[in-house]
Amino acid sequence: MSDKLLDIPVKRADGRETTLNDYSGEVILVVNVASKCGLTVQYEGLEKLFEDKRDRGFMIAAFPANDFKGQEPGSDEEIVAFCTSTYDVKFPIFSKISVKGEEKHPLYRQLTALAPESIGDGPMRDRLKGHGLATSDRSEVLWNFEKFLIGRDGKVAARFAPDVTAEDPRFLSVVDRELAKTN
């Protein structure tokens with residue numbers, strides 16, 4: 001596995017092998033997504049954020065994952081069709097991966113190792129606990145729509161809990177701070 005986060009091999013939903021180096025020098029939001037989750041409506045805010053900030057060097061890399069109660073059961077093609085037809089998503093959707101446990105993709109192994117604590121952690125964790133779901137390992141991705149912000153320097157700038165939305169002032173302030181930096 002590569003030591004550099006942006007060098008880790010990933011696959012686009014169309015099957016093309018690549019790395020996040022395609023977005024080197026940009027601020028990259030890596031988010032694990034799902035089509036059948038209560039948080040799926042976050043696609044709307046993420047797309048608006050992407051449209052508003054992409055000219056300043058902001059990119060979103062969406063990684064579908066079926067790790068949480070089977071909420072992303074579709075194929076890569078079905079996921080892309082859902083995202084584009086339902087939420088008019090224009091940011092890149094990558095091939096479905098695992099973001100936790102034994103099968104965790106190397107990208108997420110590195111992200112969770114570099115940023116073991118998330119901002120905004122609390123309400124979502126408490127709700128999941130109330131449903132009897134294990135939430136004790138804080139370094140693991142908690143649920144769909146957890147967000148990792150990578151700065152222009154290729155380093156993790158922050159990690160946000162799943163219920164921190166694209167409109168959250170805590171999130172936006174970090175995005176804007178990172179966009180203001182030059183490489």
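Considering each of 76, 67 in turn, give the residue that is in contact with a strand residue (DSSP E or B) (Cβ under 9 Å, 6 or more places away or on another chain), surrounded by fewer than 18 Cβ atoms within 10 Å (Cβ to Cβ) and in contact (Cβ under 8 Å) with a residue 40 or more places away in the chain.
76
Can you run down the residue pairs with Cβ atoms below 6 Å, 6 or more apart or on separate chains, where the first is in region 156-183 and under 19 Å from residue 5 (Cα atoms) and the partner is hydroxyl-bearing (Ser, Thr, Tyr)?
Listed pairs, sorted by first residue: 159/118; 160/118.
Yes or no: residue 11 of a type in the set (D, E, K, R), touching a Ser or Thr at 6+ places or on another chain (Cβ under 8 Å) and touching a residue at least 40 places away in the same chain (Cβ under 8 Å)?
yes
Give all pairs with beta carbons closer than 6 Å in which a residue from region 108-134 that is without any contact (Cβ under 8 Å) to a residue 40 or more places away in the chain and closer than 21 Å to residue 167 by Cα meets a residue that is of a type outside the set (Gly, Ala, Ser) and surrounded by fewer than 19 Cβ atoms within 10 Å (Cβ to Cβ); count only pairs at least 6 apart in sequence or on separate chains.
Listed pairs, sorted by first residue: 125/135.
Quick test of your reading of the structure: residue 170 fulfils all but one of (1) closer than 12 Å to residue 120 by Cα; (2) part of a loop (DSSP other than H, G, I, E, B). Name the failing condition by number.
Only one criterion in (1) closer than 12 Å to residue 120 by Cα; (2) part of a loop (DSSP other than H, G, I, E, B) is unmet by residue 170, namely (2).
Among the residues of region 105-153, which ones are at pLDDT below 95, within 28 Å of residue 24 (Cβ to Cβ), touching a helix residue (DSSP H, G or I) at 6+ places or on another chain (Cβ under 8 Å) and buried (at least 16 other Cβ atoms within 10 Å of the Cβ)?
Those that are at pLDDT below 95, within 28 Å of residue 24 (Cβ to Cβ), touching a helix residue (DSSP H, G or I) at 6+ places or on another chain (Cβ under 8 Å) and buried (at least 16 other Cβ atoms within 10 Å of the Cβ): 119, 120, 140, 141.
The values are calculated or read from the model by the stated rules, or taken from the named source; none is laboratory data. Quantities reported herein were computed from a predicted structural model and do not represent experimental measurements. Note: ideal-geometry Cβ built from the backbone for every residue, glycine included; neighbour counts use all protein chains shown.
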